[in-house]
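Step one of this worksheet: look at the structure below.
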Amino acid sequence: MSARYSNRVGLNKVRCFVASLSLKEPILKLSQSPQMKGFVTTNRLGRVVARRFVAGETVEDAVKASREMNQQGLHVSLDHLGENTSNVDEANHATGEALEILDVIAREKLDANISVKLTSMGQDIDYDLCYQNILRVVRKAKAQDDTFVRLDMEASAYTQRTLDLFCNLWEEGHHNVGVVLQSYLYRTEKDVEAMIKLGARVRLCKGAYLEPAEVAYQEKAEVDRNYLRCMERLMSEGNYPGLATHDEKIIEHAINYATRNKITADKFEFQMLYGVRRDLQKRLVHQGYNVRAYIPYGSEWYPYLMRRMAERPANLFFIASQFWKG
Ligand SMILES: Cc1cc2nc3c(=O)[nH]c(=O)nc-3n(C[C@H](O)[C@H](O)[C@H](O)COP(=O)(O)OP(=O)(O)OC[C@H]3O[C@@H](n4cnc5c(N)ncnc54)[C@H](O)[C@@H]3O)c2cc1C
């Protein structure tokens, strides 16, 4: 038996073993562990794996990845990684990074908008601090070609606060900003209706955090069904929804729903994560759909990487294969 063959057999065994485990919850719990963070982020293998999902640590890396995506016909949303800042300096720093990337988008003429997490801008510290920070970003984005700012949605403890802050921005006339709703939350159908009424732009995703049964569906089939319900409402009545998913069945459903209801391809966009299902991203572009790649960059990649691992524990197989390569 050749060494190559036995390596392949070994990798297949790892793949089967990983696929048989229920790892979502433990991985998401580890995403909160400072010890694990220290271990993974200082480890060469950790960095190699992160590069599959993160464009790099610098603005230059983000620009390079964005250019590549734009050249392939994809729009981009840039996210400077960071969340749950615990002091004012860090929150101001995160705001500075968002302001900087807006300059870079304009200077480099990228087809890009930005995504931000309010907890990176002080949501855990003080409402006014966070509001003033995001206001600076939204105003600057508006002044620069009406660039769009997406408020990412974090764990359910932040849902109401994020929507409240969004509504305050909206009422003050800042309409180059939109929200994210997660189909795993029971409340989302109602939030979808509220956003439709407002005329606000929504990104619909399934949701990436560990949520209890009090607030969220626990079964994938229920999350998917709710996604379809919310998606149909947003496609029919919403304002240019972003359908953020790599789920081919849902994407097919969206395409069929659009055809049946004469919703043209310029009325919505598909959104996918950098490094996930690039084949599908390209295929949809070729079919004439708007597709936006979410490109994260920066040094604070650990929790983001762990959420990607939790979504598809078979990604651990990718780690194993890197380890095997030495
Ligand atoms: C553009 C974008 C923005 C997002 N923003 C948010 C946000 O603000 N808040 C939030 O809570 N969540 C966000 N998410 C994450 C989202 O909630 C899901 O956790 C994630 O998209 C996986 O769900 P899915 O819809 O792809 O379906 P799933 O049923 O999880 O996956 C369907 C298929 O997609 C592929 N796939 C999915 N995830 C991965 C992965 N990590 N690695 C490799 N393959 C994968 C697999 O082939 C899988 O079988 C975002 C997702 C996208 C695409």
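At-a-glance table
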{"read-out": "Residues located in the range 59-82, provided they are away from the ligand (no atom under 16 Å from the Cβ) and either of a type in the set (Gly, Ala, Ser) or outside the structural domain of GLY242 (by TED's automatic domain parsing) (or both)", "value": "GLY73"}
{"read-out": "Complete set of residues in the range 106-136 that are within 19 Å of the chain's Cα centre (by Cα) and either closer than 20 Å to VAL180 by Cβ or basic (Lys, Arg) (or both)", "value": "ALA112, ASN113, ILE114, SER115, VAL116, LYS117, LEU118, THR119, SER120, MET121, GLN123, ILE134"}
{"read-out": "Test result for LEU284, within 19 Å of the chain's Cα centre (by Cα), modelled with pLDDT of 95 or more, assigned to a helix (DSSP H, G or I) and more than 27 Å from GLU57 (Cβ to Cβ)", "value": "yes"}
{"read-out": "Only one of TYR257, TYR297 that is away from the ligand (no atom under 14 Å from the Cβ) and under 30 Å from GLU100 (Cβ atoms)", "value": "TYR297"}
{"read-out": "Lone unmet requirement of (1) at pLDDT 85 or above; (2) exposed (fewer than 15 other Cβ atoms within 10 Å of the Cβ) for PHE39", "value": "(1)"}
{"read-out": "Residue in the range 68-85 that is more than 30 Å from ARG283 (Cβ to Cβ) and assigned to a helix (DSSP H, G or I) present", "value": "no"}
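The values are calculated or read from the model by the stated rules, or taken from the named source; none is laboratory data. The model shown is predicted, which means the values in this text are computed figures rather than measured ones. Cβ atoms come from the backbone with ideal geometry, glycine included; neighbour counts cover every protein chain shown.
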